[in-house]
Amino acid sequence: MNWTLPLRDAAPAGQALVGGKAVRLGELLAQDFDVPPGFVVTTEAFVSHFMEAGASGLLDGEYPTPELLTRVANHQMNPELVSAIRTGFASLSDGDPQYLCAVRSSGADEDGTWASFAGQHATYYYTREDDLETRIVDCWLSAFTLEARAYRREMGLFSAPRMAVIVQYMLPADISGVTFTRDPTGQHDDCMVIESCWGLGAALVDGRVSPDAYFVSRGDQSLRARRIGTKRAKVAEALLDRSGSRLEAVPRHLQRVPTLDSADVARVAALAMRCELAFGTAQDVEWAIVDGRLYLLQSRPVTRVASVPTPVEGRWIAFKPVLENSDEPFTPLSVDLFRRVLSPWMAFIDGRLYVDYDAVERLLPSGIPKRTLIDALLLRDPGTSIGMSWRAAPKLALIAITAYLSSAILFARTRNLPRAVFDAFRARCEALVADANLDPPTTLRMLLAPHRLFAPIGELVLAANVSAGRYFILTGFLTGFLERHAPGFDAEHFAALTVGPKEMASREMVESIAQLAAVAAEKPAIKALILANRFDELPHQLVVHPDAGPFVSALEVFMSRFGHRGTREIEIAAPRWREDPTPLFAMIANLLGETTGRINVIEARRAAAQAALLEHLPSRVKRAFVNLVARRIRYFAALRENTRHWHPLAFATVRAKILSLERHMMVTGELKCADDIFYLLWDEIEDLSAGRLSWRHVEERVRNRRIRHLRRCRLRPPLGFNLETDDAPAGHVRLLGRCASPGRAEGRARIIRDPAADGEIRAGDVLVAPYTDPSWTPLFLNAAAIVVETGSYLSHAGTVARELGIPCVVDAYGLLDGVEEGQRLQVDATAGTVLLLDPEPKQAALTWA
Amino acid sequence: MGVIWFLVGIPIAVEVIAALLRFRDCIRTSGLRVYAIEGLIFPLFALGVLLWLASPVHWIAIAGAFAVVLAWQVLVHVSLQVALRRNSFHSRVIDTDQSLQ
């Protein structure tokens, strides 16, 4: 009987005996491709084992009951088969007992041109000789999982499965990736797509890491475009601890480094094209690089092409207050939790939040032009006054009365509040965390919605934040007043006049980080440690360093106030500074270099604005009125920023509960990998906890959701569905946006997509970003100007830029496609324009779903 | 005439209720008593003037204004709580990419 075969001899043996994957690898080996050596345990061994175990019914399509599967798993393997496997292993290992191999399934009907079984069957890495037989049986059993059977049915495969297993040298991959010789989305037929990550490619295939993407011309194989991902994790090299996390963090300094240089890209592209030529059709090629040597791991036809998106019914417009804080889609668990507390007028479309435009239009009086309403909902200045007919007056009056009765008490309550009242929110969050009976959805509901009539305002930070938005109306009013009575009073003085008081949380956070930098600078050894840019190791180094005392104390004080903050803090899956302080260290390092000392000029700017007001508005009464309104604007701007400081604590509280649950589920084996919980829905988590579902039921769902999430992350969010939202890509030379903080500046573009990964900016650079949230604030200190793709006057970028007197342009759509790193920019924020001073012909912007 | 007192009473009721709540919010935070009292004086003064100007007959209209404002708050709050607890108040989830469902 043919128990095993060398991989090199697999192709002639045929797919029925060695499975599709082994046949293809055998063909590649025969054509001198650099494939790691291995051998195949044939389907005859599979059949023999099942028959000997008394589970022959499974070979005839019988339902795989747990009893049958357990019988197969526990059956002692035939000694002859064991001997053949050990002989095969010895031929690979040359007797090295530490030799590690990968055990990969190779189904008899796998890797056909229409059924790839990608991810359906098991693969085991870093397997030692002692575990070989167990892993081989596990591979066999993976043909009978719920997902694999569903996939077979979907593909029209009604025969019982036959499974061979490949045992192959375990490559200690430095870099791995997948190459599609044709874009699987069909968007760019003339391009190959290469995706790569650090370490093993399993993280990439499972959607656990955001890979680098390279778009290579199929013709001359030139690099057309690349998109560097933030590769925060890789597959851990020691997978022997089965209860542990299967991922480990990539050192921060490597996260945004391209995995491939141009020579590597050319080699990988050439390898993929060779595979396509060998098989005659577009290929999906898996490869790995070890010590500079490129290996081929798999080549199969491209079977999965992204489906045409399902049209969205109705008209939807982006919910800008969330979008301008993060344009990335929410993870499935965040969506599932948030949707339970959000209005039915809202929807998560592909993980991003939208408002039902039709419902808003129905609610409002007729007569408001569509363009004006769209601009208002996108928090843009409509530019024109809203004409209203008398016929709309009754409806308008009804709306006004309802709105007044519903919100007037709240607005009056927040009209003049000391900041300290909001400290109550921390106590409430701590109480909810301590209450083990509260689940995350209830916790979120209790934190975001008023839980009792006339609850203390300190517990209603979201409502208080919304009420503070009235400063936008006051700003509009004051602008109009000054244009009429003091036409010479310019926009920059106006911004200085209305910036918030010193007691603003965002400003204090910046100052606190600057103080941390100052404390670090006092000790040269600590400064050197921080500037060494090894932030992952820094916490451990600080613990043992004799000079670290003052800095560690200052850091603890900072964390007690701001530890709940972090990047993308609305996203419950995003880590907070308390959990991962590396972004904070990057900001401190940034401030240890060159700084602009911008914090100290705010008071001087305000004094200059007062002098200008005196000059342009001689009337004492009018000046007093202007100052009165400006004081109100400053108060509400501060209220908005200060309440915004507390929102992330609500999300951090819910996150703490989820992480606690995750730890428990990891220990009990209900979850296998850190962060997977964020790709489950709450009902599924409850079912897992209650034993109604097991990990194998949800593993494939998690994988698919991760892949879908990654695809969505790569897409620019549309501002509207079935609406003309005026978000056309920017031009090549001149970008048009909107003014959020007036002024002019010139400098080199510093593109920052993720402050957690690339948080350095030199003094005088122009910060170019997709959006900003408060965690970006310390980067502002060194920026000559800020340009963001999504934002508004009320957005964090606008508010803090006005505080610091930095020119800021928001809503510059197409910005990140139009601007290159290091390109010289001239920003005229007052006019809302960005001029590309050294424009280079940039290749057509590529997007990839 | 009662309607006018009722209509004038509504914003006064809003201000007085808000001022009382603000007073409670502030007084709970130590060291803010002065702050809290300052916020209370004007609405109570306005209410006093209103009651002084109105005749005892119209006090019922003013009381009605208070009742309406409070009742509306209770109605909105209870509706929201019921909707949230019954999970009937939630937004939709739409996926345009069905290939990986």
- Can you find even one residue in the stretch A:271-291 that is touching a Lys or Arg at 6+ places or on another chain (Cβ under 9 Å), modelled with pLDDT under 90 and over 29 Å from residue A:171 (Cβ atoms)? no
- Message: Filter the stretch A:514-535 down to the residues that are assigned to a loop (DSSP other than H, G, I, E, B) and under 25 Å from residue A:250 (Cβ atoms) and list them by number.
- Response: A:532, A:533, A:534, A:535
- Sort through A:65, A:42 and tell me the only one that's of a type in the set (Val, Ile, Thr) and in contact (Cβ under 8 Å) with a residue 40 or more places away in the chain. A:42
- Note on the structure: Filtering the stretch A:335-367 down to residues that are out of contact with any strand residue (DSSP E or B) (no Cβ under 9 Å at 6 or more places or on another chain) and hydroxyl-bearing (Ser, Thr, Tyr) yields A:366
- Note on the structure: A careful count of residues in the stretch A:423-436 that are modelled with pLDDT of 90 or more and within 30 Å of residue B:15 (Cβ to Cβ) gives 4
- Would you call residue A:440 at the interface with another protein chain (Cβ under 8 Å from one of its Cβ atoms) and more than 27 Å from residue B:75 (Cβ to Cβ)? no
- Message: Could you list, ordered by first residue, the pairs with Cβ atoms under 7 Å in which the first is in the stretch B:75-96 and among the charged types (D, E, K, R) and the second is not in a loop (DSSP other than H, G, I, E, B), at least 6 apart or interchain?
- Response: B:92/A:347
- Message: I need a count of the residues in the stretch A:448-471 that are under 21 Å from residue B:75 (Cβ atoms), among the aromatic types (Phe, Trp, Tyr) and buried (at least 21 other Cβ atoms within 10 Å of the Cβ).
- Response: 0
- Any idea which of (1) under 21 Å from the mean Cα position of the chain (by Cα); (2) facing chain B (nearest Cβ under 9 Å); (3) of a type outside the set (Ser, Thr, Tyr) is the one residue A:333 doesn't satisfy? (2)
- Message: Looking only at the stretch B:55-80, how many residues end up being buried (at least 17 other Cβ atoms within 10 Å of the Cβ) and facing another protein chain (nearest Cβ under 9 Å)?
- Response: 4
- Task: Could you check the stretch A:21-117 for helices (runs of 4 or more DSSP H) lying wholly inside it with 3 or more residues that are surrounded by 23 or more Cβ atoms within 10 Å (Cβ to Cβ)?
- Result: A:43-52
- Task: Select from the stretch A:538-548 the residues that are surrounded by fewer than 13 Cβ atoms within 10 Å (Cβ to Cβ) and in a loop (DSSP other than H, G, I, E, B) and list them in ascending order.
- Result: A:546
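Scanning for something within 10 Å of chain B (Cβ to nearest Cβ), buried (at least 21 other Cβ atoms within 10 Å of the Cβ) and either of a type in the set (Val, Ile, Thr) or not in a helix (DSSP H, G or I) (or both), does the stretch A:684-698 turn up at least one residue? Let's see the steps before the verdict.
Our first condition is that a residue be within 10 Å of chain B (Cβ to nearest Cβ); within the stretch A:684-698, this holds for none.
No, because not a single residue in the stretch A:684-698 is within 10 Å of chain B (Cβ to nearest Cβ), buried (at least 21 other Cβ atoms within 10 Å of the Cβ) and either of a type in the set (Val, Ile, Thr) or not in a helix (DSSP H, G or I) (or both).
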- Determine whether the stretch A:375-397 contains at least one residue that is in contact with a Lys or Arg (Cβ under 8 Å, 6 or more places away or on another chain), in contact (Cβ under 8 Å) with a residue 40 or more places away in the chain and charged (D, E, K, R). yes
- Residues of the stretch A:402-416 being closer than 16 Å to residue A:465 by Cβ and more than 7 Å from every other protein chain (Cβ to nearest Cβ), which ones? A:407, A:410, A:411, A:414, A:415
- Task: Answer yes or no: is there a residue in the stretch A:138-145 that is in a loop (DSSP other than H, G, I, E, B), under 32 Å from the mean Cα position of the chain (by Cα) and modelled with pLDDT of 70 or more.
- Result: yes
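Quick grid of which residues meet (1) of a type in the set (S, T, N, Q); (2) outside any helix (DSSP H, G or I); (3) in contact with a helix residue (DSSP H, G or I) (Cβ under 8 Å, 6 or more places away or on another chain):
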{"residue": "A:633", "(1), (2), (3)": "no, no, yes"}
{"residue": "A:655", "(1), (2), (3)": "no, no, no"}
{"residue": "A:671", "(1), (2), (3)": "no, yes, yes"}
{"residue": "A:711", "(1), (2), (3)": "no, no, no"}
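Look at residue A:488 and say whether it is closer than 30 Å to residue A:653 by Cβ and outside any helix (DSSP H, G or I). Quick ask: steps written out before the conclusion?
Working: closer than 30 Å to residue A:653 by Cβ: no; outside any helix (DSSP H, G or I): yes.
Taking the combined requirement at face value, the residue does not satisfy it.
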- Collect the residues in the stretch B:1-54 that are polar (S, T, N, Q) and facing chain A (nearest Cβ under 8 Å), keeping them in residue-number order. B:29
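Being in contact (Cβ under 8 Å) with a residue 24 or more places away in the chain and closer than 19 Å to residue A:572 by Cα narrows it down to one of A:638, A:656, so name that one.
Values: A:638 fails: closer than 19 Å to residue A:572 by Cα.
None of the other options fit; the residue is A:656.
Could you tell me which of the residues A:343, A:326 is away from chain B (no Cβ under 14 Å), outside any helix (DSSP H, G or I) and either surrounded by fewer than 18 Cβ atoms within 10 Å (Cβ to Cβ) or out of contact with any Ser or Thr (no Cβ under 8 Å at 6 or more places or on another chain) (or both)? Can you show your working first?
Values: A:343 fails: away from chain B (no Cβ under 14 Å).
Result: A:326 is the single residue among A:343, A:326 that is away from chain B (no Cβ under 14 Å), outside any helix (DSSP H, G or I) and either surrounded by fewer than 18 Cβ atoms within 10 Å (Cβ to Cβ) or out of contact with any Ser or Thr (no Cβ under 8 Å at 6 or more places or on another chain) (or both).
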- Task: Find all pairs meeting these conditions: Cβ atoms under 9 angstrom apart; at least six residues apart or on different chains; first residue within the stretch A:352-371 and loosely packed, with under 13 Cβ neighbours inside 10 Å; second residue in a helix (DSSP H, G or I) and β-branched (Val, Ile, Thr).
- Result: A:363/A:399
- Message: Take the conditions within 23 Å of residue A:337 (Cβ to Cβ), among the small types (Gly, Ala, Ser) and at the interface with chain B (Cβ under 8 Å from one of its Cβ atoms) and apply them to residue A:434. Does it pass?
- Response: no
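Quick check on residue A:126: is it out of contact with any helix residue (DSSP H, G or I) (no Cβ under 6 Å at 6 or more places or on another chain) and modelled with pLDDT of 75 or more? First the steps, then the outcome.
Numbers: out of contact with any helix residue (DSSP H, G or I) (no Cβ under 6 Å at 6 or more places or on another chain): yes; modelled with pLDDT of 75 or more: yes.
Here the answer is yes, as residue A:126 does meet what is asked.
Would you check if residue A:820 is touching a residue at least 40 places away in the same chain (Cβ under 8 Å), in a loop (DSSP other than H, G, I, E, B) and not aromatic (Phe, Trp, Tyr)?
Values: touching a residue at least 40 places away in the same chain (Cβ under 8 Å): yes; in a loop (DSSP other than H, G, I, E, B): yes; not aromatic (Phe, Trp, Tyr): yes.
For residue A:820, the condition - touching a residue at least 40 places away in the same chain (Cβ under 8 Å), in a loop (DSSP other than H, G, I, E, B) and not aromatic (Phe, Trp, Tyr) - is met.
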- Would you mind stating whether residue A:719 is buried (at least 21 other Cβ atoms within 10 Å of the Cβ) and modelled with pLDDT under 85? no
- Among (1) facing another protein chain (nearest Cβ under 7 Å); (2) part of a loop (DSSP other than H, G, I, E, B), which single condition is residue B:88 missing? (1)
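Among the residues that make up the stretch A:586-600, is at least one of them modelled with pLDDT of 90 or more, closer than 28 Å to residue A:496 by Cβ and surrounded by fewer than 17 Cβ atoms within 10 Å (Cβ to Cβ)?
No.
The values are calculated or read from the model by the stated rules, or taken from the named source; none is laboratory data. Values in this document were obtained by computation on a predicted structure and should not be read as measured data. For neighbour counting, all protein chains shown are included, and Cβ atoms are generated from backbone atoms with ideal geometry for every residue, glycine included.
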